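The values are calculated or read from the model by the stated rules, or taken from the named source; none is laboratory data. What you see is a predicted model, and the numbers here were worked out from it, not measured in a lab. With ideal geometry, Cβ positions are generated from the backbone for all residues, glycine too; neighbour counts draw on all protein chains shown. Side chains are part of the model used for accessible areas, which takes the heavy atoms of the whole protein and leaves out ligands, DNA and RNA. Shrake-Rupley method; radii C 1.70, N 1.55, O 1.52, S 1.80 Å.
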Amino acid sequence: MTLRNFILCLPLATLTLSSCQNKFADQYICTDSFALPNYCEQVLVESRSIYGLLVDDINGDGHLDVYPHGHGGKIEKYYRGATNFSPAPYQFNHADRHGCDSADYDQDGRIDIFCSVGSTEGEGTGNNQLFRNTGDGMLALQDGHGAEDPFGRGREARFFNFNGDAYPDLFVANWGTRKDDKKNESAIYINEDGQRLKKSDAYGFSTLGANCLEFADWDGDTFDGTALCNSKKQSKIFLNQNGVFKDITESLGAVELKWWDVSSRDFNKDGKPDLTFISRNDVLNIFHNSGIAANPFSLEAQHIDLIKLIEPIGKVSKPPENFSRKFSLEFFDANLDGIQDIYLGTNLIFNSETNTYLGDFIIFGPDFKNHLWLGETSTGTGSIWAYNENSILVSRAGPDWKGPLFLLKPATQ
């Protein structure tokens, strides 16, 4: 379970656009208004095809950096965060990168990056990539790391705590099938003391995780469980009990188990991670964590029909056939009340004559009964990723077109 530089001034109805600009004059350049009054805009990338987003302090200067990446084998850079984003000097090589994630892989105090790599539409090869941080934001591509999987059609990658030691383990999700029928499956890789990644054959994940992937310690034992989906198979959720995955999907009850997206945050601030996913019947499902280790999602869930949320605005059509996500979601505190809100990304054509898209929504916690529509947009929303507690990166540059990348940030009061 995504980098545009819009700055969101919420919920201050008395603010004008100029006052919003003044509030951020020392930190950001607001070049235009956003879809609604009281929003400022600062575009990080004007137009580019992007598959995924990564946020971390890559260069170790105390500011969060942003790495937009994928699809298509371009030379790429990450963007250094400070008062304004600027391209870092390091260049990622040509590769068909998709999902990338970051962690201190070798426990040397520096942030490393792992990227899943495709295999030329299932006909060629492409090694997944581990970039070791050599200091000052420079990276070195490491050979022989153990998770190359050259025949895998890599789509998502995520570091997580599988076995409880100090070294972050890795999950790599593969997508689709190969035309030569070579093995192409998602897998766990155990981090062996920061020296090498070793594939675990304990679980048959098929291609789960290729479309959405999330990790969290739902049962409170310090080991990360996972919720994962792909476009065709039933989604799954596993608890991790001392390094052993236990399938608890049935505990979610009578809900659609094919998902568009999944996210886990402690959105009611009780110290326990909750679970939210969007089913492919277009329902947003919100499960509060009960605190019962064996069955953390036993409480009655909240279900929001997204089509009913959209209907008062107008008629929409389905996303393009070759786009894998109709809705996407992420959490951030949009109105600075200390409660997590949902950013709902949409990929629905709103006006077929002008080929404009519906635009996105903010659904406000803690009860998620009120929402704000952000207006029509020129492209649908692809990746979304939390930048920090109060800010969010939104990519309207999904894998099938070019579009802007921006940051949403609420104004300080």
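Here are the numbers:
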{"item": "1.4 Å probe accessible area per residue over the chain, in Å²", "result": "40"}
{"item": "Neighbourhood net charge (11 Å Cβ-Cβ; Lys/Arg +1, Asp/Glu -1) for Arg280", "result": "+1"}
{"item": "Net length gained if the chain between Asp201 and Ala254 were fully extended (0.36 nm per residue, minus Cα distance)", "result": "16.0 nm"}
{"item": "Asn93-Arg280 FRET efficiency (beta carbon distance; Förster radius 35 Å; 0.05 resolution)", "result": "0.45"}
{"item": "Inverse of mean 1/r across different Cα pairs in the chain, Kirkwood, Å", "result": "21.6"}
{"item": "Translational D in µm²/s for the range 62-221 (Stokes-Einstein at 4 °C, 1.567 mPa s, Kirkwood Rh from C-alpha pairs)", "result": "80"}
{"item": "Net +/- balance of residues flanking Asp341 in space, Cβ distance below 14 Å, scoring K and R +1, D and E -1", "result": "-4"}
{"item": "Solvent-accessible area, 1.4 Å probe, carbon plus sulfur percent, for the range 182-323", "result": "47"}
{"item": "Full-extension gain in nm, Lys308 to Asp221, via 0.36 nm per residue minus C-alpha separation", "result": "27.5 nm"}
{"item": "Solvent-accessible surface (1.4 angstrom probe) belonging to Ile307, in square angstrom, nearest 10", "result": "60"}
{"item": "Shape call, the range 194-289: gyration tensor on alpha carbons, a/c limit 1.5", "result": "oblate"}
{"item": "Per-selection Rg to Rh, the range 56-149 - Cα, Kirkwood hydrodynamic radius", "result": "0.97"}
{"item": "Förster radius 30 Å - calculated FRET efficiency between Ala301 and Ser378 (Cβ-Cβ, nearest 0.05)", "result": "0.30"}
{"item": "Length released on extending from Thr125 to Ser317, taking residue separation times 0.36 nm less the Cα-Cα span", "result": "65.5 nm"}
